[in-house]
Structure formats: structure tokens, C-alpha cells
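Trainee: Sharing a structure below in C-alpha cells format, with a few things to ask.
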Amino acid sequence: MGMTAIIAKLAVRAVRVLIVEVPGQWLTRVELEDQMLRRGWRRAWAPADADVLAVCGTPGPELTPLVDRLWEQMPGPRVRANMCSSSTVSSALNDAATLYVDTDQHAKDARERAQEPQIPHDDMDHSGHGSHDHSGMEDSGHDHMSHSGHDGMDHDNHTGMHHNGHGEIDHSGADHMNHSGNDSMDHDEVDHDSHADMHHNGDDHMDHSGHNGHGGMDHSGLEDSGHDHSGHGGMDHSGHGGMDMSPGGIPLAQGGPDRDGLEMDVLHLPLGPVLAYWPAGLVLDCTLQGDVVVDSEASIVDGRDHEHSLHVFAPDLRAALLCDNVMALLALAGADDLAARARQARDCLLRGDHTAALDRLERLIRTIRRSWLLRWSLQGVLVLEQVDLHRHSLPASCRGDAYDRMLRTLARIQAAVGGAGPMIDDGVSWQVLPNLVTGLELATLRLAVASVNLRLHPTTQGGKA
């Protein structure tokens, strides 16, 4: 056995899996997590961290291209595992483990895959940013450092000025460039013999020996060899119409009005549908000013109605669903040990082992109440008062912050499993999420979403009841 094969067999013991849960395949994802635990495989948080792409269910027409894009972004060696139902999870992971140690397959994949991920380009309208005319000016994504001493440069007429893709600027169309402060000097009378060595030397500074105070210089024929030109003293390259300022196709922030009347950067950021510990199929298109969500829209991929009521499921399955929500919130808060306990309680409920489930729930609640760090982490996340509940038609169980809602959910699960009372349906429609998350900081948004029990149909396809 060669060294490559030995390393591959060792690596398969520490595989990281990026999970894609198709709406309706909740039980398939639960079975996948159980099989991963038995193999010692861990969950990946992003494509760059993943070795295996596990697709739970059959993606629809909207989710399919997103899954393909995730596959493109994964580094090699990589393996894709498709499982249409919970019964096929074990065999799909066995095949994935076999392919992961197949070095010939990885070499073939490396030869055939695209050199760069295909990222869609967004056309950005930056009109109204500045008075400069950049018609015909092409920016190829280069950084433009400032040449100090040119603060008075007039860039009102740059027709024909462009970057040629190699860091060189053609100034042939800039004959009327005026270096302010030297208006009285006639350009035609300047002795250029002493300036023949004037050039950019590649060290981000210009040799201006003998040129102090010389304005109105004709730059036709002057070559700029590969220099950084960010902001020629007042020339702002950010946000001018007609310029492609999206390196690699990734859209940059645009300008937008703030509440105080000033302009702030506005960034449009979609969250979902594939995120760790994120509701399956949910997409939140957020508009950010700084790190604050100022607007958002919610949708479900493939346009299907996945809203449900808990009363349509068996009691144990209803309790397991809520345990899964608690597990996601704890995992996002960084409490991995507590998240593992919530997962164990969930699995006991799915097996129908009420005694073990109650024992784990009791220990989980006791540990959570003693954890000051967890209380501090979730305190103040999506605080909902009585007026908020009335405005958004939310159940009383949503009152308080994320920590309060988590303890209330665990108490309800414990009471229902112990036979103290029926499971009350207090689910929140995903359609109300935009109203709830507006005004939140981006860092707390995912905690806020995980803290409410959304009505998303988890078991419509291929699950085992």
C-alpha cells in the first residue's frame, strides 16, 4: 500500500459533511446525522470546509442549481452522496467512503472540474455617485492607490481613459488634465528633456524630480507600468455607473440613505436555503446597512407550501421536532455539548423511549439553567413584548428573548412526554420572519430564526414514520 492510500484511509475517519436538506426530508437528515455520529464524521459549516456533499432528498428546479454551485465551490478531494430517503442513507455513505479513498477518481475530477466557480454577476446601478464622466473607462478589478500631491487633479473629462487590464493607464484622452496650483504655466514651454526619466518605478511611488509645481502636463504617451492607483487625490472609483467593481462576480455594497439623512453602504445578502442549522428551504433576502438588517423578504425554494401544524403529527414526532429546534439554537450559540444532549433526547423520542428522553431532558434543562455563559449569549436576542405578539399575531410562548423561548419549549416537551398535558401548537409562520428580523444585527439573525418554532413541513417526502 502506497503512502497516498494510507493517508486517504486515515482521512476518511475525519470526513466533514455539508448537509443539504430538501424540504420534506427532515427524517432523512436525522438519520444522516445518526450515521455520521457512528462513523465519527462531523458536520461542515461551509463548502470550503467540506469533504462530502450529502443531499437529503431530490432537489427541485430551484434548489438544484444551488446544490450544483455548492459542489463547484468544494475543494478536492470531494464526494457527492445522494440519498432519496432515510432508508438509503447508510448505503449512500458507504459509497461515499469508498469514493473518498479512490485517488484515481479524485485525479480525474481535478482534471475535469471548472477552474473557477461560476458565480452569477449582478448588475449594479451606481448612478449619481460623483460628477465624473467615466464613459469608456474600464476597470479590471485593480487596486488604485493615491499618488500624493495630485489632490487638485481635474477628472471631469476622462473620455477614452481606461485600464488596459495590466495595470497600465492610457492617458491619451486626458489632454486637458489640469494639475491645479500652476495655472499660469504654459504646458508647451515646459522643458521635457529634463523629465525623460519620469516614470512609475513599480514601488507605488512616482519619481517627480524636477516637477514640483509643474501643471498642465500632457500625458499622451506616458505609460504607467503595473502600478496601484487607488484614488488619485479625490478621484473616487467606488460606485460609479458603468464600472464593473465586482471582483470575481461578487457584488459589492451600494450607497443608500440612512435614517439620519446621510448615505451608508447598502449590501443585499441572501441567507439560505443551505446553511448549517437553518430551516430547510428557507431563504431570507436581507438588506444590510452596516451590520443591521433594514429590510428582508422570506421565501421557500421551489415555491411549495411547506407550512404545517403540529397537530397533524404523532406526539413523539412533534416533541422530536421541537427538540431539533432547541438543538439548532444551542449549536449556533456554540454550546456543542448541550446541543449533543438535545440531539440525544430527540433520537430517544423518535425511538419511542420516553424514559431515556425524560432523563436527558431533565439533565439538559438543569445544565442550561446553570450556564451563565449561555444565558449571556442568548440574552436580548429577538426580544418580543406583548405589543409585538399582538402586532404580529404570535403565540404567548414567543414572549421574551431567545433564552426564555428555549426554556419554555423544553418545559413543554418535558410536560408532553411525561403525560402532563397535550402538545400545544405554537408554531410561527415563516412569512412573518421579515417583520421579526428587521432591525436585528446580522450576528444575531440566525440565533433569532432558530429561537422561534417555524411552521415548515418536515416530513412530506420519503420519511419513515
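The values are calculated or read from the model by the stated rules, or taken from the named source; none is laboratory data. Worth saying up front: this structure is predicted, and the values here are computed from it rather than measured. Heads up, the Cβs are rebuilt from the backbone with ideal geometry, glycines too, and the neighbour counts pull from every protein chain shown. Protein only, heavy atoms only, side chains kept; ligands, DNA and RNA dropped before computing areas. Shrake-Rupley method; radii C 1.70, N 1.55, O 1.52, S 1.80 Å.
Trainee: Consider the range 21-59. How many of its residues are aliphatic (A, V, I, L, M) and farther than 16 Å from Ser90 by Cα?
Mentor: Of the residues in that region, 5 qualify.
Trainee: Quick check on the range 103-112. Is at least one of its residues within 29 Å of Cys323 (Cβ to Cβ) and touching a strand residue (DSSP E or B) at 6+ places or on another chain (Cβ under 9 Å)?
Mentor: Scanning the range 103-112, I find no residue that is within 29 Å of Cys323 (Cβ to Cβ) and touching a strand residue (DSSP E or B) at 6+ places or on another chain (Cβ under 9 Å), so the answer is no.
Trainee: Does the range 29-54 hold any residues that are of a type in the set (D, E, K, R) and open to solvent by 40 Å² or more (accessible area, probe 1.4 Å), and which are they?
Mentor: Once the filter is applied, which keeps residues that are of a type in the set (D, E, K, R) and open to solvent by 40 Å² or more (accessible area, probe 1.4 Å), the range 29-54 yields Arg38, Arg39, Arg42, Arg43, Asp49.
Conditions (1) assigned to a helix (DSSP H, G or I); (2) touching a residue at least 60 places away in the same chain (Cβ under 8 Å); (3) surrounded by 15 or more Cβ atoms within 10 Å (Cβ to Cβ), marked per residue:
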site: Thr4; (1), (2), (3): yes, yes, no
site: Leu10; (1), (2), (3): yes, no, no
site: Val20; (1), (2), (3): no, yes, yes
site: Pro23; (1), (2), (3): no, yes, yes
site: Leu27; (1), (2), (3): yes, yes, yes
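Trainee: Follow-up question, since we're still on this one. Regarding the range 364-379, can at least one residue be identified that is under 24 Å from Leu282 (Cα atoms), surrounded by 16 or more Cβ atoms within 10 Å (Cβ to Cβ) and in contact with a Ser or Thr (Cβ under 8 Å, 6 or more places away or on another chain)?
Mentor: yes
Trainee: OK, next. Which members of the range 1-28 meet the condition of being at pLDDT 75 or above and among the polar types (S, T, N, Q)?
Mentor: Scanning the range 1-28 gives Gln25, Thr28.
Every residue, every condition in (1) over 17 Å from the mean Cα position of the chain (by Cα); (2) modelled with pLDDT of 90 or more; (3) among the charged types (D, E, K, R), yes or no:
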site: His240; (1), (2), (3): yes, no, no
site: Met245; (1), (2), (3): yes, no, no
site: His268; (1), (2), (3): no, no, no
site: Val283; (1), (2), (3): no, yes, no
site: Cys286; (1), (2), (3): no, yes, no
site: Arg304; (1), (2), (3): yes, no, yes
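Trainee: To continue, here is another question. For the range 332-361, name all the residues that are open to solvent by 30 Å² or more (accessible area, probe 1.4 Å) and of a type in the set (Lys, Arg).
Mentor: Listed by number, the residues that qualify are Arg341, Arg343, Arg351, Arg360.
Trainee: In the range 77-90, which residues are out of contact with any strand residue (DSSP E or B) (no Cβ under 7 Å at 6 or more places or on another chain) and open to solvent by 60 Å² or more (accessible area, probe 1.4 Å)?
Mentor: Correct list: Cys84, Ser87.
Trainee: Within the range 390-403, is even one residue at pLDDT below 95, in a helix (DSSP H, G or I) and among the aromatic types (Phe, Trp, Tyr)?
Mentor: Within the range 390-403 (the criterion being at pLDDT below 95, in a helix (DSSP H, G or I) and among the aromatic types (Phe, Trp, Tyr)), the answer is no, since none of the residues qualifies.
Trainee: Name the pairs whose Cβ atoms lie under 8 Å apart, with the first residue in the range 302-327 and under 23 Å from Leu364 (Cα atoms) and crowded, with 18+ Cβ neighbours inside 10 Å, the second at pLDDT below 80 and among the aromatic types (Phe, Trp, Tyr), and 6 or more positions between them or separate chains?
Mentor: What qualifies is Leu321/Phe313.
Trainee: Taking the range 405-420 as the region of interest, how many residues are farther than 20 Å from Ser451 by Cβ, in contact with a helix residue (DSSP H, G or I) (Cβ under 7 Å, 6 or more places away or on another chain) and open to solvent by 30 Å² or more (accessible area, probe 1.4 Å)?
Mentor: Number satisfying all stated conditions: 1.
Trainee: Is there a residue being in a helix (DSSP H, G or I) and farther than 25 Å from Ser299 by Cα anywhere in the range 66-80?
Mentor: no
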